[in-house]
Amino acid sequence: MAVGLLGGGLVVVGGREPWRSPVAGPAGDRVAPAGSLVVALGAVILLGLLVVAVTRTTGRRVAGAIVALAGLVVTSVAVFADGEWTLWRVGVLLGALLSLGAGALSAARGQAWAAMSERYDAPGGRENRPQSDPWRALDRGEDPTL
């Protein structure tokens with residue numbers, strides 16, 4: 001999870017920096033237009049990893065698949081975009097690959113990870129809770145004092 005966040009951060013930061021094209025125009029070097037797409041997909045990666053952290057089974061799998069897909073698209077953009085290979089572009093590629101791996105891992109194995117509310121539950125989780133809980137009786141509209 002932390003690796004994916006690092007990758008998403010690299011994508012956002014590296015996408016904001018200019019990627020220079022070797023083709024000079026009338027005003028000198030032109031900036032490749034891939035940056036705004038990369039930054040948007042970096043935001044998708046970071047938000048998708050947040051969703052992975054707070055959801056369970058199916059939501060986690062879907063969010064992991066979206067993160068992996070966004071990482072794949074950013075990888076394609078970084079590899080096939082026009083321009084020279086700057087340090088920022090290499091950072092975006094590295095971040096996209098890290099995000100792709102984190103998303104794929106979340107989609108494949110995320111359903112077995114503990115959810116946020118389960119982290120501090122007693123071993124056995126919800127199955128070991130007593131059924132005669134007076135607070136649950138109040139939720140059901142019953143009077144526990146009778």
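A few notes on this one:
- Restricting the stretch 17-60 to residues that are surrounded by fewer than 18 Cβ atoms within 10 Å (Cβ to Cβ), under 12 Å from the mean Cα position of the chain (by Cα) and at pLDDT 90 or above, the residue that is nearest to ALA107 (Cα to Cα): VAL51
- ALA104 open to solvent by less than 30 Å² (accessible area, probe 1.4 Å), of a type outside the set (Phe, Trp, Tyr), in a helix (DSSP H, G or I) and modelled with pLDDT of 90 or more: no
- Close pairs from the stretch 98-114: first over 12 Å from GLY59 (Cβ atoms), partner crowded, with 18+ Cβ neighbours inside 10 Å and polar (S, T, N, Q), Cβ under 7 Å, at least 6 apart: LEU100/THR75
The values are calculated or read from the model by the stated rules, or taken from the named source; none is laboratory data. This is a predicted model, so every value here is computed, not measured. We place every Cβ from the backbone using ideal geometry, glycine too, and count neighbours over all the protein chains shown. Surface accessibility is based on the protein's heavy atoms, side chains included, excluding ligands, DNA and RNA. Shrake-Rupley method; radii C 1.70, N 1.55, O 1.52, S 1.80 Å.
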